[in-house]
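What follows is a single structure, written as structure tokens, with notes after it.
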Amino acid sequence: MSIVKASKAAALCAVAAVSLLSGCAAQQKPLYGWGHYQQNVYSYFKSTDGDTTAQVTELEADLQKMLATGEAVPPGYHAHMGLLYAKSGRMELTQREFETEKKLYPESTAYMDFLLRNFSKKD
């Protein structure tokens, strides 16, 4: 009878240990630091007539936070900043952002090159 009690106690300890350890599991860190990027893209496409200065300021601040905390910049972030810079006539910054997007995400090279060619014609 004492063997039965010992095995039940061991099983209870095992269940308690598993429960305790699973409760302490760290939550998975997001792959990218999004900041206000998604809201800005939505706002940009919802109303492209407005002033983009506030969006650029917010995205630049979010980018600094991401870099400071070591978060990865999401795909399209620099491309969107480049489009905002182009809209305000800041073509040097547009080119810099498109080049950065190409460097971080090589799969975007063809599209970024297309945009660079088109925006350089407008210069």
Exercise for the section: Could you identify the single residue in Ala86, Ala68, Ala61, Ala72 that is touching a residue at least 40 places away in the same chain (Cβ under 8 Å) and of a type in the set (Gly, Ala, Ser)? Expected result: Ala72
Practice task
Output yes when any residue across region 58-81 is touching a Lys or Arg at 6+ places or on another chain (Cβ under 9 Å), within 21 Å of Ser120 (Cα to Cα) and among the aromatic types (Phe, Trp, Tyr), and no when none is.
Solution key: no
Exercise for the section: For Tyr105, indicate whether it is under 26 Å from Lys29 (Cβ atoms) and in contact with a Pro (Cβ under 7 Å, 6 or more places away or on another chain). Expected result: yes
Exercise for the section: State whether the residues of region 81-89 include one that is among the polar types (S, T, N, Q), out of contact with any strand residue (DSSP E or B) (no Cβ under 9 Å at 6 or more places or on another chain) and loosely packed, with under 13 Cβ neighbours inside 10 Å. Expected result: no
Fill in the blank from the handout: Those residues of region 67-78 which are crowded, with 19+ Cβ neighbours inside 10 Å and part of a helix (DSSP H, G or I) amount to Tyr77, His78
Completion exercise
Scanning region 38-52 residue by residue, those surrounded by 11 or more Cβ atoms within 10 Å (Cβ to Cβ) and either β-branched (Val, Ile, Thr) or not in a helix (DSSP H, G or I) (or both) turn out to be Val41, Gly50, Thr52
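Only one of these is assigned to a helix (DSSP H, G or I), surrounded by 10 or more Cβ atoms within 10 Å (Cβ to Cβ) and modelled with pLDDT under 90: Ser7, Ser22. Name it. Give the derivation first.
Working: Ser22 fails: surrounded by 10 or more Cβ atoms within 10 Å (Cβ to Cβ).
Selected residue: Ser7, the only one of Ser7, Ser22 that is assigned to a helix (DSSP H, G or I), surrounded by 10 or more Cβ atoms within 10 Å (Cβ to Cβ) and modelled with pLDDT under 90.
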Handout entry: Residue within region 52-74 that is under 24 Å from the mean Cα position of the chain (by Cα) and at pLDDT below 65 present
Key = no
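The values are calculated or read from the model by the stated rules, or taken from the named source; none is laboratory data. Source: prediction; values computed, not measured. Neighbour counts run over all protein chains shown; Cβ positions are idealised from the backbone, glycine included.
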